[in-house]
Amino acid sequence: MQKNPWTNWVEKIRAIAQNGITYTDGGFDLERYQQLQDIAHEMTALLAGAPIEKVDHYFLPETGYTTPKLDIRAGVFQEGRILLVRERSDGCWALPGGWADVCESPALGAERETLEESGYIVKARKLVAVRDVHKHPYSPRNPHHLIKMLFLCELKGGSPTANIEISEVGFFEPDQLPHLSQGRTIASDIALMKQHHENNGLPTEFDK
């Protein structure tokens, strides 16, 4: 998949700056790393067409060594149909999920996110895939480098429940999907979930 090289370069500059700020002894180097961080934020704002203040607010709270962020998604089937939730933020549909929480395993995170977003109780049964978003057509691209973990989950109970982030909950035929929230879930995520649901012996997939 063809990527805008400037986006990759900006991410690398921002990571170098943040790592430098974290580990430098201070003085001259600290000032230069802070300047480099400012330049990366200005470039991000220009590429995104967003105010620099918004970019600063988005990135400056993060400290420490730069690592990818972890996004967890759950694949839940009922009579061959897959569970999707409708995001209030864009009006589109996605696999239930979200950011991994500190002090919680990814599998438990998939179960928790599904309950919170859909009202359904599930049990994580299999890690289907570990996906680097840079290698797949997720759009719009998140300013952070994301790794997605896709879990196949078993439906145990519960009932559909909307909340402050989710307006609708439903099950859909994998070949008759509603408009997807492409930054969260793409059609190939669902196709992969379906393959593993129908053949549990398939190995976990990962990008190289």
Inset, instruction - Would you be able to tell me the number of residues in the range 103-161 that are of a type in the set (Gly, Ala, Ser) and free of Cβ contacts under 8 Å to residues at least 24 places away in the same chain? - result: 1
Inset, instruction - Mind telling me which of the residues Gly119, Gly80, Gly75, Gly91 ends up being at positive phi, at pLDDT 95 or above and surrounded by 16 or more Cβ atoms within 10 Å (Cβ to Cβ)? - result: Gly119
Legend entry - Residues of the range 88-138 classified as over 14 Å from the mean Cα position of the chain (by Cα) and charged (D, E, K, R), total: 10
Inset, instruction - Considering every residue within the range 168-187, establish whether at least one is over 30 Å from Val10 (Cα atoms), among the small types (Gly, Ala, Ser) and free of Cβ contacts under 8 Å to residues at least 40 places away in the same chain. - result: no
Inset, instruction - Among the residues of the range 70-100, write down those that are assigned to a loop (DSSP other than H, G, I, E, B) and more than 17 Å from Arg184 (Cα to Cα). - result: Glu79, Gly80
Inset, instruction - Return only the number of the condition from (1) in contact (Cβ under 8 Å) with a residue 24 or more places away in the chain; (2) over 27 Å from Pro137 (Cβ atoms) that Ile13 does not satisfy. - result: (2)
Inset, instruction - May I ask you to list the residues in the range 190-208 that are touching a Lys or Arg at 6+ places or on another chain (Cβ under 7 Å) and either free of Cβ contacts under 8 Å to residues at least 24 places away in the same chain or under 27 Å from Asn142 (Cβ atoms) (or both)? - result: His196, Asp207
Inset, instruction - Answer with yes or no whether Leu155 is in contact with a strand residue (DSSP E or B) (Cβ under 8 Å, 6 or more places away or on another chain), of a type outside the set (Gly, Ala, Ser), in the same structural domain as Gly75 (by TED's automatic domain parsing) and under 16 Å from Arg81 (Cα atoms). - result: yes
Inset, instruction - Inspect the range 122-145 for any residue being closer than 24 Å to Lys208 by Cβ and touching a Pro at 6+ places or on another chain (Cβ under 6 Å) and give the result as yes or no. - result: yes
Inset, instruction - Would you check if there is a residue in the range 52-72 being at pLDDT 95 or above and buried (at least 20 other Cβ atoms within 10 Å of the Cβ)? - result: yes
Legend entry - Count of residues meeting criterion [modelled with pLDDT under 95 and in contact with a Pro (Cβ under 9 Å, 6 or more places away or on another chain)] in the range 147-181: 0
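The values are calculated or read from the model by the stated rules, or taken from the named source; none is laboratory data. These figures come from a predicted structure and were not determined experimentally. Methodologically, a virtual Cβ is constructed for each residue, glycine included, from the backbone with ideal geometry; neighbour enumeration extends over all protein chains shown.
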